[in-house]
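The structure appears below as structure tokens.
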Amino acid sequence: MTAIRGIAGNHRVELRDGWQFAAAPAGSGPEHAQQWNWLSASLPGTAASPLRAAGLWDWDDTRKLDAEDFWWRIAINESGALVLGFDGIATLADVWLDGKCVLSSDNMFVRHEVPVDLHGSHELLIRCRALAPELARKRPRPRWRVPMLRDQQLRWFRTSLLGRTPGWSPACPPIGPWRPVWIERRALHARNTRLRVGLEHGAGVVEVSLDLGEDVHSAQLIVERAGQRVAHALERRGHDWQGRVTIEAPALWWPHTHGEPALYQIAVEAATSEAVHLLDLGQRGFRTITIERADGDFAVRVNDVPVFCRGACWTPLDVVSLNSNAEAYATAVEQACKAGMNMLRVAGPLVYEDDALLDAMDRCGVLLWQDLMFANMDYPEDPEFVASVSVEVRQQLARLQSRACLALVCGNSEGEQQAAM
């Protein structure tokens with residue numbers, strides 16, 4: 001994940017329509033593809049999405065989706081040096097391009113980019129392998145059991161507990177490219193982007209550092225709101241362009257129960273010999289948030305004002321596809337505001353939510369309690385597992401940390417409680 005929302009001059013095409021989808025027995029390979037019943041499908045979504053659309057699955061179905069392999073394929077007609085992007089595939093996934101495996105992933109919460117050199121027509125093939133055979137493998141036992149889970153071995157896999165907790169969530173586990181798949185032609189590459197937005201002695205401060213490659217000869221950071229525009233040149237230090245903008249007496253971001261959730265548009269202009277590229281870093285707000293934990297207390301202060309937090313646990317608007325449009329997110333957050341809520345919690349058994357939810361919470365002045373996607377279980381300290389989690393958390397924090405709505409990040413959901421019980 002990244003703080004950059006888009007780069008003018010780069011051409012990204014989201015591969016939404018034109019997909020075909022098939023279910024297959026566990027252990028299937030691409031050589032068997034012609035034997036399967038292929039259905040039309042669109043992405044992002046899960047295996048249950050096209051099955052539901054074709055009338056092959058509903059809420060009363062006892063079909064064990066984790067026991068099957070699921071496939072997606074699409075024809076791509078592109079040429080040149082491009083980047084294939086996969087913003088999230090659940091959970092044990094392999095990707096082939098023209099019969100060559102270009103990606104394997106075992107973490108549904110990790111984003112991948114694959115550089116490719118294309119010439120003409122190509123086939124992209126995605127397989128999500130059955131989780132059930134892997135859950136049946138013998139592994140070290142956990143220090144405690146989780147009653148809400150049928151299979152304790154889920155602790156070894158970076159996937160959602162949705163659909164895998166009988167009596168708590170519908171039997172619809174997320175399987176498939178649940179986040180966008182895209183292809184992008186890049187005129188400008190931006191790497192290692194770090195954005196910090198904060199307050200220092202009453203002034204708003206925006207700091208940025210990013211690697212823009214060798215072709216950029218100048219860059220500037222721009223902060224705008226309500227006709228006010230402040231720009232400052234960035235300096236090149238090694239591979240990175242770095243700099244900061246200071247806004248005196250800025251309009252502050254507040255929860256809607258306490259004031260206006262003021263936001264500023266932040267961007268970087270980068271000039272090459274051929275063009276000037278605008279990098280959209282989104283809308284951000286100036287505020288301080290502190291958590292007081294003295295004497296066993298737990299209290300939130302925004303801009304040094306105590307805030308009585310009232311709200312709800314967020315659940316996906318469509319638990320089948322795990323996707324909704326920006327308008328649906330905005331409507332849901334506005335309803336929460338009208339109900340008097342000023343905080344929403346994205347809990348550990350679920351999924352990291354779409355940027356559209358965060359945008360709506362920033363705009364409406366609703367605080368975010370963000371759990372990392374760990375819940376109840378005794379997670380392993382296996383080096384490969386830890387390495388995967390490290391990538392996941394770094395990607396998520398890169399997109400979350402400068403959000404005005406972000407009140408706190410919690411490492412898990414009820415892990416300590418479950419162990420005590």
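The values are calculated or read from the model by the stated rules, or taken from the named source; none is laboratory data. Just so it is clear, the structure is predicted and the values come from calculations on it, not from any experiment. Please note: Cβ atoms are built from the backbone with ideal geometry, for glycine as well, and neighbour counts cover all protein chains shown. Surface accessibility is based on the protein's heavy atoms, side chains included, excluding ligands, DNA and RNA. Shrake-Rupley method; radii C 1.70, N 1.55, O 1.52, S 1.80 Å.
In table form, for the structure just shown:
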read-out	value
Index of the failed condition, Ala48 passing every other in (1) touching a Gly at 6+ places or on another chain (Cβ under 6 Å); (2) of a type outside the set (Lys, Arg); (3) within 17 Å of Asn323 (Cα to Cα)	(1)
Selected residue (only one of Arg73, Arg127 is closer than 27 Å to Ser160 by Cβ and crowded, with 21+ Cβ neighbours inside 10 Å)	Arg127
One residue from Thr246, Thr193, Thr272 being touching a Gly at 6+ places or on another chain (Cβ under 8 Å) and polar (S, T, N, Q)	Thr246
Any chance Gly45 is of a type in the set (Gly, Ala, Ser) and open to solvent by 60 Å² or more (accessible area, probe 1.4 Å)	no
Test for Leu82: is it surrounded by 19 or more Cβ atoms within 10 Å (Cβ to Cβ), within 18 Å of Val181 (Cα to Cα) and within 21 Å of the chain's Cα centre (by Cα)	no
Unmet criterion (only one of (1) open to solvent by 60 Å² or more (accessible area, probe 1.4 Å); (2) at pLDDT 95 or above; (3) not in a strand (DSSP E or B)) for Ser104	(3)
Which listed residue is touching a His at 6+ places or on another chain (Cβ under 9 Å), surrounded by fewer than 18 Cβ atoms within 10 Å (Cβ to Cβ) and acidic (Asp, Glu), from Glu235, Glu184, Glu200, Glu224	Glu184
Among residues of the range 374-415, those that are open to solvent by less than 30 Å² (accessible area, probe 1.4 Å) and not in a helix (DSSP H, G or I), counted	14
Close pairs (9 angstrom Cβ cut-off, 6 or more residues apart or separate chains): outside any strand (DSSP E or B) in the range 15-29, modelled with pLDDT under 95 anywhere	Ser28/Gln35; Ser28/Trp36
Sole residue being within 21 Å of Met373 (Cα to Cα), out of contact with any helix residue (DSSP H, G or I) (no Cβ under 8 Å at 6 or more places or on another chain) and among the small types (Gly, Ala, Ser), chosen from Gly167, Gly163, Gly176	Gly167
Strands (runs of 3 or more DSSP E) wholly inside the range 237-293 that include at least 1 residues being more than 20 Å from Ile4 (Cβ to Cβ) and polar (S, T, N, Q)	240-247, 289-292
Breaking point among (1) open to solvent by less than 20 Å² (accessible area, probe 1.4 Å); (2) more than 24 Å from Ala3 (Cβ to Cβ); (3) touching a Gly at 6+ places or on another chain (Cβ under 7 Å), for Arg310	(1)
